[in-house]
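Have a look at the structure below, then the notes.
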């Protein structure tokens with residue numbers, strides 16, 4: 001899928017609603033403060049980067065392994081934002097370069113996910129938020145089985161227990177796990193039922209994890 005085609009999905013009625021739900025969940029869990037710097041790991045075409053950039057006059061850098069997506073993101077974002085090519089398992093930044101780090105569904109396509117998480121914790125110094133795909137969801141039944149379909153091909157889908165295991169022993173505190181997009185159809189009924197279902201429904205499509213980064217001694 002070409003970057004422009006992928007990014008255009010967020011301008012469809014369904015894509016706009018899902019993108020908004022995911023952004024609001026991540027932003028609420030991340031709790032950014034005015035002026036804090038932010039790294040978006042696996043930024044793709046920059047949809048979430050642009051949302052976080054517009055939210056505050058902060059320094060934002062988006063990173064992705066795909067050069068075409070990075071070029072698209074750079075050409076459709078504010079001049080104050082920067083985009084670089086790189087891999088999630090070896091981020092090209094010094095430790096503690098950013099106040100915050102976010103990653104939206106990118107680690108689902110990384111073989112060594114724990115290493116990717118460790119890198120996020122290394123380069124950010126206050127807080128992080130990571131969005132993943134929920135294996136116990138209706139969306140998985142539609143798009144994730146047998147290797148996945150379309151944009152989900154090759155993705156790893158997580159359970160909450162698996163996510164908590166990924167963070168076991170890492171320098172994080174107050175780990176939170178929440179979910180959104182209970183009904184992935186995104187229609188009027190799905191939007192109406194979203195607040196009610198996400199308060200108890202354990203099968204939402206998007207699962208997010210966030211926490212505070214514990215400073216390393218020395």
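The values are calculated or read from the model by the stated rules, or taken from the named source; none is laboratory data. Given the structure is predicted, the values throughout are model-derived calculations rather than measurements. Glycine also receives a Cβ, built like all others from the backbone with ideal geometry; neighbour counts cover every protein chain displayed.
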If residue 200 meets every condition in (1) at pLDDT 95 or above; (2) under 21 Å from residue 23 (Cα atoms); (3) not in a strand (DSSP E or B) apart from one, which number is that one? (1)
Looking at this structure, is residue 130 surrounded by 14 or more Cβ atoms within 10 Å (Cβ to Cβ) and either in a strand (DSSP E or B) or in contact with a helix residue (DSSP H, G or I) (Cβ under 8 Å, 6 or more places away or on another chain) (or both)? yes
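Within segment 99-113, restricting attention to residues that are part of a helix (DSSP H, G or I) and in contact with a helix residue (DSSP H, G or I) (Cβ under 6 Å, 6 or more places away or on another chain), which residue is surrounded by the fewest Cβ atoms within 10 Å (Cβ to Cβ)?
Across segment 99-113, the extreme among qualifying residues is 113.
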A careful count of residues in segment 143-160 that are in contact with a helix residue (DSSP H, G or I) (Cβ under 9 Å, 6 or more places away or on another chain) and surrounded by fewer than 17 Cβ atoms within 10 Å (Cβ to Cβ) gives 6
Is it the case that some residue within segment 53-67 is crowded, with 22+ Cβ neighbours inside 10 Å and within 19 Å of residue 8 (Cα to Cα)? yes
Name the residues in segment 33-46 that are under 17 Å from residue 58 (Cα atoms) and either within 14 Å of the chain's Cα centre (by Cα) or buried (at least 21 other Cβ atoms within 10 Å of the Cβ) (or both), would you? 38, 39, 40, 41, 43, 46
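Could we say that residue 116 is in contact (Cβ under 8 Å) with a residue 60 or more places away in the chain, assigned to a helix (DSSP H, G or I) and under 24 Å from residue 49 (Cβ atoms) here?
Numbers: in contact (Cβ under 8 Å) with a residue 60 or more places away in the chain: yes; assigned to a helix (DSSP H, G or I): yes; under 24 Å from residue 49 (Cβ atoms): yes.
The answer is yes for residue 116.
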Residue satisfying all of: in segment 68-77; under 19 Å from residue 105 (Cβ atoms) and touching a strand residue (DSSP E or B) at 6+ places or on another chain (Cβ under 6 Å); surrounded by the most Cβ atoms within 10 Å (Cβ to Cβ) among these: 73
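Residue by residue through segment 191-201, note down the ones that are surrounded by 12 or more Cβ atoms within 10 Å (Cβ to Cβ) and either farther than 19 Å from residue 15 by Cβ or without any contact (Cβ under 8 Å) to a residue 60 or more places away in the chain (or both). First the steps, then the outcome.
Kept after step one, since they are surrounded by 12 or more Cβ atoms within 10 Å (Cβ to Cβ), are these residues of segment 191-201: 191, 193-194, 197-198, 201.
193, 197, 198, 201 - these are the residues of segment 191-201 that are surrounded by 12 or more Cβ atoms within 10 Å (Cβ to Cβ) and either farther than 19 Å from residue 15 by Cβ or without any contact (Cβ under 8 Å) to a residue 60 or more places away in the chain (or both).
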Mind counting the residues in segment 168-197 that are in a loop (DSSP other than H, G, I, E, B) and more than 22 Å from residue 31 (Cβ to Cβ)? 8
